[in-house]
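Taking it in order: structure first as structure tokens, then the write-up.
All of the numbers you see were taken from the coordinates with simple rules; none came from a lab. Note that the coordinates shown come from a computational prediction; the quantities given were computed from them, not determined experimentally. Here Cβ is always computed from backbone atoms with ideal geometry, including for glycine, and neighbour counts include all displayed protein chains.
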Amino acid sequence: MDADKDDSVKNAIEKIINENKQIDILVNNAGYGLFGAMEDLSVSEIKNQFETNVFG
């Protein structure tokens, strides 16, 4: 599943529900870190990390 893509999340949930009839436990553990000086990172890298860590 790609936590950044709504369709991927929706499909994963539907598959789990179809196979198991319910979701008992959900661990929200999507995210990653960027390491180094901010000035060495591109705006795109920072935006992608924010999107994944906040909305993923």
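Helix 6-20 and the longest principal axis of the Cα set of the chain meet at an angle near 30°. Work through the residues other than M38 whose Cβ is under 14 Å from its Cβ and net out their charges, Lys, Arg +1 and Asp, Glu -1. Neighbour charge sum, excluding M38 itself: -2.
Taking 0.36 nm per residue of sequence separation and removing the Cα-Cα distance, the F35/D4 pair yields an extension gain of 9.1 nm. Each residue in M38, M1 was given a count of other beta-carbon atoms within 10 angstrom of its own, and listing them fewest first yields M38, M1. Listed by Cβ neighbour count within 10 Å, with the fewest neighbours leading, D4, D24 appear as D24, D4. Over the Cα atoms of the chain, each weighted equally, I'd like the Debye log10 I(q)/I(0) at q = 0.12, 0.16, 0.21, 0.27 Å⁻¹, rounded to two decimals. Treating every Cα as an identical point scatterer, log10 I(q)/I(0) equals -0.40, -0.60, -0.83, -1.10. Ordering S8, S42 by the number of other Cβ atoms within 10 Å of each residue's own Cβ, fewest first, gives S42, S8.
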